[in-house]
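Structure record follows, encoded as structure tokens.
Any read-out appearing in this document is the output of simple, stated calculations on the displayed coordinates, not a laboratory observation. What you see is a predicted model; the values in this text were computed from it and never measured. Heads up, the Cβs are rebuilt from the backbone with ideal geometry, glycines too, and the neighbour counts pull from every protein chain shown.
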Amino acid sequence: MLAGIDYFIVIAYIIGMLLLGLYFKKYVNSSEDYFLGGKSLPFWAIGMSIVVSDIGALDFVGVSGQAYRYGVSVGNFDWVGSVPAMLLAAFIFIPYFWRGGMYTIPEYLGRRYNQKVRTIASVTWILFFALDLGVLFWASAVLLNVLMGWPIWISIISTAGVVGLYTYFGGITAVIMTDVVQFIIMFIGGFALVFLSLYEVGGWDNMVEKISTMGPEYRNHFDIIQPQDTKSPFPWTGILFGLTFVMANAYMIGNQSIVQRCLTAKNEWHAKASMIFGSALKMFIPILVLFPGLMAVVVHPGLLDGDQALPMMIKSILPPGLVGLMFAAFFAGLMSSVDSLLNSTATLFTKDIYEPFIKKGADDKHYLKVGQITTLVLLVVGVATSPISSDFPGIYVAIQTFMSYFQGPIFAILLLGIFWRRTTEWGGLSALVIGIGFAIYLNVFKEQFFTIEDPFLYISWWSFLLSFIINMTVSLLTKKHSDEQLQGLVFSSKILVKNKTV
Amino acid sequence: MKPNEIDAGIKSAQINNALGVFIFIFGVIVLFAMIFTDTFIQHMTDMVAGLLLIAIGGGMIWRSRNIIKKLKANKE
């Protein structure tokens, strides 16, 4: 349970975030302000925002839990699973999205393929984000329950209330700027926890020695590369093919909540720089999220649920004041992930579903209102679906499982869409539909195909490969696009050297 | 500088100022929490974390107020 000062810090943080978020209301006058921050934000704020919304609550609790169970190999998600993909996004993909004045990734797919592809991709992301919201709310409830003793439903509803209010009024400017504060708090709180945890276990060498002598199940805890027959969800083949080649790229290039941030940049240079800056910051994340989980093996051996490792470490290691700071940091990560999903889903729904299908040609204020109402509806959906995530053994794996259904197919059509002029609308559509169906099939019958516990990395790889092949095959059999239709949508080496200011 | 660029600069500085105030206040609270710690290492950790937040927040306030002053002078 928290001491008085820690309660005060957490409450002050929550109220402060709310006030800060509401302050940005005055900068929202149009739908472009709400969804793209008026295209006026600097690279450093966007870079911090990308990192903090990505690591969020899931990494703090989930990755620490995975590090407790499986060791350092989970760190691959933030190194090879992020940095190369972010650089690829910065130099190749972001310039096309930014120059095209796009609001969403499905909007690009719609221009490159057809409206059906845009709609399917958008609906898929909306469904994923809605489920993701539930997982995030559940993650908050677990930590609040351990640290503050609040009932789960009370903590879910209070998180939803605070984040919902500032996202509703301030749009993406509030989302990104509160992320900057959250980033600073998270880094300071995270490094303090690592420092004190190292002190508690007697230094790195002492910790390695203790864990290595704890039994055969800890033999591979310090191997960043796991053998193919490992029982952990991170065999090297899955890390290389599923994570590095597919999921990382799909996440950094095809994830609306990440890419939308870059589209708020004041010019193309800032858009690219935000991703590059974010990739540099991302390299520190494993230190913050993985080490506390590892050190919990020594300090709290034998925990039944690995996801309890971080809350237990915070509770037992940190001094008064820093417990509050660290908890605020966790809460910051959670709020950041939630506000990103809310704003991105509102953007997807308004731009890809509402505007083309429900009410075309309305005035800008109308779409602004629709975006805000969608935010409120999503909050309710997220709160209502949060108990689903309690059925999964690890929060982080639950998210990866949801994502593996469609990350591979969407990345396959994005990749071919940019790099292969010959790909056609029917190629893209068939690859997307069959790829998602195949991923669901693999996940339902995973025991028959895979030996590891959670094969989400393999599922994303095989669904990507199938979508890639189908897209190429069907495209070769159908009518190709004209050069005019492809203008500004396919790769040209000029994009690497020229910046454009709008 | 064009008037719209000045306005954008002022907006950006106002945002940074607000962020700075928040971080600064939070740093003061963490620094205050030092009095509740038991050991020297805990004491120092609270102090370093609090001072870091105060430095970052204070720096943001100082820089953004300077920019606002400069841009408003340019505007006039």
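Summary of packing: across the peptides A:39-50, A:370-381, A:155-166, the per-residue average of other C-beta atoms within 10 Å ranks them, highest first, as A:39-50, A:155-166, A:370-381.
Using the Cβ-Cβ distance between B:Phe32 and B:Met1 with R0 set to 41 Å, the FRET efficiency from 1/(1 + (r/R0)^6) comes to roughly 0.45. Annotation: extensible slack from A:Phe284 through A:Ser316 equals 9.1 nm (criterion: 0.36 nm per residue apart, minus Cα-Cα distance). The residue list A:Ile185, A:Phe245, A:Tyr218 was ranked by how far each Cα lies along the charge dipole of chain A toward its positive end, using unit charges on Cβ atoms, and A:Phe245 comes out on top. Taking amide H as placed 1.01 Å from N in the peptide plane, A:Leu290 has no amide H partner under 5 Å among residues 5 or more places away or on another chain.
Projected onto their three principal axes, the Cα atoms of the protein assembly as shown cover extents of 74, 72, 43 Å, largest first. Ranking A:Ala271, A:Ile388, A:Ala3 by Cα position along the charge dipole of the protein assembly as shown, where only Lys, Arg, Asp and Glu carry charges on their C-beta atoms, puts A:Ala271 farthest toward the positive end.
Near A:Gln226, the amide H atoms lying under 5 Å from its own belong to A:Trp236; only residues 5 or more places off or on other chains count, and H is placed 1.01 Å from N. Seen from a random direction on average, the alpha-carbon convex hull of the range B:1-51 projects onto 3.9 square nanometres. Here the label points at A:Lys365 and A:Ile388, each 7 Å from Cα along the C-beta direction, are separated by 3.7 nm in the simple model.
Compactness of the range A:320-382 is given as radius of gyration and Dmax, 16.3, 56 Å, from Cα positions. Taking amide H positions as modeled 1.01 Å from N, with prolines and chain starts lacking one, no residue 5 or more places away or on another chain lies under 5 Å from A:Val80. If you sort the three axes of the alpha carbon gyration tensor as a ≥ b ≥ c, you get a/c of 1.5 or more for the range A:177-268 and a/b no higher than b/c, which makes it oblate. The slack in the chain from A:Phe91 to A:Thr478, taken as 0.36 nm per residue of separation less the alpha-carbon distance, amounts to 136.3 nm. Legend: mean number of C-beta atoms from other chains within 10 angstrom of residue C-beta atoms, peptide A:184-194, equals 4. 3J(HN,Hα) couplings calculated from phi for the range A:33-43 with the Karplus curve 6.51 cos²θ - 1.76 cosθ + 1.60 (θ = phi - 60°) are, in sequence order, 5, 5, 8, 10, x, x, 6, 9, 8, x, 4 Hz; Gly and Pro show x.
Scoring A:74-82, A:256-264 by mean Cβ neighbours within 10 Å over their residues and listing the highest first yields A:256-264, A:74-82.
Dipole magnitude for the range A:11-147: about 400 debye, using +1 per Lys or Arg Cβ and -1 per Asp or Glu Cβ, origin at the Cα centre. Once the chain from A:Val123 to A:Asn145 is taken as fully extended at 0.36 nm per residue, the excess over their C-alpha distance is 4.6 nm. Summing +1 for each Lys or Arg and -1 for each Asp or Glu among the other residues whose beta-carbon sits under 14 angstrom from that of A:Thr230 gives -2. For the range A:223-346, the square roots a ≥ b ≥ c of the C-alpha gyration tensor eigenvalues yield an a/c of 1.5 or more together with a/b not exceeding b/c, which makes the shape oblate.
Dipole orientation for the range B:3-75: of the candidates B:Asn17, B:Thr39, B:Ala55, B:Asn17 has the Cα lying most toward the positive pole (charges on Cβ; Lys, Arg +1; Asp, Glu -1). Backbone phi angles across the range A:177-183, fed through the Karplus curve with coefficients 6.51, -1.76 and 1.60 (θ = phi - 60°), yield HN-Hα couplings of 6, 5, 4, 4, 4, 4, 4 Hz in residue order; Gly and Pro are listed as x. If only the Cβ of Lys and Arg carry +1 and only the Cβ of Asp and Glu carry -1, the dipole of chain A around its Cα centre is close to 1720 debye. With respect to chain A, whose longest principal axis is taken over its alpha-carbon atoms, helix A:425-444 is tilted by about 30°.
Largest GNM mean-square fluctuation across B:Ile15, B:Ile23, B:Ile41, computed for chain B with C-alpha springs under 10 Å, falls on B:Ile41.
Mean 1/r over all different Cα pairs, inverted: what Kirkwood radius does the range B:18-76 give, in Å? Taking every pair of different Cα atoms in the range B:18-76, averaging 1/r and inverting gives 12.5 Å.
Its Kirkwood hydrodynamic radius, worked out from the mean inverse distance over all distinct Cα pairs, puts the range A:75-172 at 16.7 Å.
Computed from the C-beta positions of B:Asn74 and A:Leu303 and an R0 of 51 Å, the FRET efficiency is 0.30 to the nearest 0.05. When only alpha carbons are used to place a centre, the range B:37-64 and the range A:308-326 end up 18 Å from one another. Distance between the C-alpha centres of the range A:113-156 and the range A:1-34: 20 Å, rounded to the whole angstrom.
Per-residue shielding of A:305-318, expressed as the average number of other chain Cβ atoms within 10 Å of the residue Cβ, stands at 0. Here the alpha carbons of the range A:1-136 define both size measures, Rg and Dmax, at 18.9, 57 Å.
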